[in-house]
Each structure stands twice: as structure tokens, then as C-alpha cells.
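Notes follow once the structure below has been shown.
The values are calculated or read from the model by the stated rules, or taken from the named source; none is laboratory data. Everything quoted here is computed from the prediction, not taken from an experiment. Cβ placement follows ideal geometry from the backbone for every residue including glycine, while neighbour counts extend to all protein chains displayed. SASA here: full protein model, heavy atoms, side chains in, ligands and nucleic acids out. Shrake-Rupley method; radii C 1.70, N 1.55, O 1.52, S 1.80 Å.
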Amino acid sequence: MKHSDAITRRQLMKAGLIIAGAPFCAEALFDGRAVADDENPAEDTPIGPREIVRGLDGMSRVAETGNTFGLGHNAAAVISSAFFCREQKLDASTQKEILVYLGARLLKNPIYAAPRPQETADPKLTEGLLEDLDAGIATLRGKGHNIIFAVTCLKALRAVPEAVTPERIDGLRKMVRSFGKTKGGAQEDPEPPLVGLDDEQKFIHFIFEEFLKAAGDGFDGHVVTIGHALVELHRMGHTDLARKGVPAYWAWVRGARADDGAGGGEIAPVPPQAPTPLTHEYWAAQAKRRIGEIVSSHTIKYPYSLYALAKDVKDEDLKKRILAKVYRLTATN
């Protein structure tokens with residue numbers, strides 16, 4: 001890889017996106033492992049419905065703590081771990097290593113101290129959660145996590161419908177409402193429209209094009225995670241609601257663009273044979289790192305969104321350009 005196709009370690013550190021174990025061969029992003037057709041995580045795997053329910057229970061308590069933004073990352077990562085393992089078809093050994101990581105980094109938090117009580121599930125309860133998301137989706141709050149957290153929960157409740165119980169949903173609705181509503185309804189975007197969700201593949205390519213243009217400081221990572229949330233919401237059939245959130249996403253990506261349009265400057269070469277987030281070795285390296293709770297959650301959430309979307313990239317030139325920058329989402333030291 002040419003010197004002009006790379007970024008420096010100093011810039012990676014500044015961006016705050018050096019989030020996981022050893023550097024990796026980014027070509028693995030496009031190996032076609034992800035299979036999104038499976039609706040439910042397998043129940044005989046180390047990570048599955050149990051982690052989804054625990055994550056939902058944790059998320060249903062974050063508003064009670066007064067720290068929705070911080071602890072919501074934790075719960076979203078626990079939920080996302082199950083989808084990451086399922087969609088990338090990770091082997092049992094790798095899943096066990098991720099489970100160790102969850103136990104050491106995230107699941108010790110008091111939001112997981114006790115499960116929600118056993119109650120009769122009612123699928124209609126998700127309608128209230130959708131109403132709360134609808135009330136605020138036209139604006140991004142908490143760097144777009146009003147959308148990210150809510151969509152993560154909606155996907156989780158579809159995967160484990162028995163978790164749609166009154167006390168749990170009440171807590172989840174409080175979480176969504178804690179971000180606030182869009183005042184006065186959706187505002188007219190003064191800028192020309194960008195790419196919408198009517199053509200999903202085009203929108204996914206747009207997400208990655210903006211990822212490449214974005215500055216550091218977390219902007220580029222959230223270009224991917226917010227975009228992924230809107231794609232998931234659209235795929236769940238909530239098309240009008242997803243479209244309602246697109247103009248706010250446009251505002252985010254415009255604000256995320258680097259001033260020079262280069263998206264981070266020079267890029268260091270990627271080692272050709274290093275562990276990826278799809279491997280046992282990669283996750284084993286995480287125990288050696290000293291990182292905070294939000295970065296610990298991003299260690300799972302960023303690769304989850306990145307891999308989920310990357311499988312749908314068809315443009316070969318775009319793939320090459322993504323590979324030059326994606327190292328920042330998984331490099332470690």
C-alpha cells in the first residue's frame with residue numbers, strides 16, 4: 001500500500017478510534033461471511049439470546065442511573081455482540097473469548113445486577129417504543145445515540161420476542177425519551193439533499209464514502225454506526241420512520257467531513273497477516289488493554305456495524321479506499 005493511502009499512528013490516537021487488539025488484514029471485511037437472512041441467533045452458541053436479554057435489561061435501567069449516554073453504550077455493545085457473532089458466523093472458540101471480554105469489561109456494571117421479572121410478553125408494546133423514537137428521530141441527540149440505542153433494542157426485541165414484557169419495555173421507553181423530542185417537528189434542511197434510503201445499496205456506499213471523508217475524534221466511526229442503525233430500521237420494515245431520520249444523518253455527515261476533504265490525511269500500511277475481529281486471537285488481546293467503558297463498548301459496536309454493512313459494498317474501488325482507512329477501527333497499540 002502506498003504511503004499516500006495511509007494514516008499515521010498519531011492521527012489514529014487523536015481520532016480515538018484505536019479500539020481493539022492487534023492490527024488486521026482488512027480484506028477480511030469483504031470475505032462474505034455475514035449472512036443477514038438468519039432472523040434469530042442460534043441458541044446453542046456461547047453468545048446468543050441470553051446476552052440479548054441481559055443487554056435489554058441493562059438498557060432498560062440506564063435512564064434510572066441518569067447516565068443514559070454512557071451506560072447505553074455498554075448495554076448496546078452487549079446486545080450487539082450476539083448479532084456480530086451470528087451475522088459473521090464466528091466459531092465457538094472466538095465467541096467464548098468475546099464472552100470473557102464482556103464479563104471482564106462490561107457485564108460487571110450494576111445495570112446487570114438482576115434480571116427483569118418474568119412477565120407475559122406482548123408484541124404490541126413495541127409500538128410505544130417506536131412512538132418514542134419517532135418523537136425524536138428527526139434530530140440527532142447524544143451524537144445520534146437516540147437512534148442507535150433505540151434501533152439496537154428494536155432489533156433485539158424482534159430476535160427474542162419473549163423479552164417484550166411490560167417492565168422491560170417501560171425502562172426502554174424511558175431510555176429513548178431521556179434523549180428528548182424534536183422541538184417543533186422536523187426542520188427543513190437548508191442544504192441540498194444527499195443520498196436517501198430508497199436505494200439501500202447506494203445508501204450503504206454513501207455511508208462508506210462519508211466515512212472516508214470524515215475527520216477523526218469519533219466522527220468517522222459514528223458516520224458508520226448511525227448509518228447502520230437507519231439501514232437496520234429500514235430493513236425491519238419501518239421505512240417511513242427510517243427516512244424521517246435521514247436528513248439528521250445528512251447534517252451529521254456534513255459536520256463530520258474533514259476541512260481538507262481528505263478524511264484524516266496519510267495512512268500507514270496495514271500489516272498483511274494480523275488477527276481480525278473475526279478471530280479468537282484478536283479478542284484474546286483485549287484483556288491486556290486498559291480502556292474505559294465507552295471505548296470498551298466501541299470495541300464491539302464499531303466492528304459490528306462495519307462488518308454488517310461492508311458485505312454489501314459492490315464497488316471495487318470503494319473497497320480499496322475503505323481498506324486504507326478501516327485500520328483505525330481495529331488497530332490496538
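What to note about this one:
- Total residues in region 89-120, condition of a type in the set (S, T, N, Q) and either surrounded by fewer than 19 Cβ atoms within 10 Å (Cβ to Cβ) or at pLDDT below 95 (or both): 4
- W250 meets all of the listed conditions (1) surrounded by fewer than 20 Cβ atoms within 10 Å (Cβ to Cβ); (2) under 13 Å from the mean Cα position of the chain (by Cα) but one, namely (2).
- Just one of the listed residues (A77, A150, A163, A135) is over 15 Å from T225 (Cα atoms) and either open to solvent by 50 Å² or more (accessible area, probe 1.4 Å) or touching a helix residue (DSSP H, G or I) at 6+ places or on another chain (Cβ under 6 Å) (or both), and it is A163.
- Within region 104-155, the set of residues being over 30 Å from G255 (Cα atoms) and among the aliphatic types (A, V, I, L, M) comprises A104, L106, L107, I111, A113, A114, A121, L125.
- Only listed residue being at pLDDT 90 or above, open to solvent by less than 20 Å² (accessible area, probe 1.4 Å), among the small types (G, A, S) and more than 16 Å from L197 (Cβ to Cβ), chosen from A256, A229: A256
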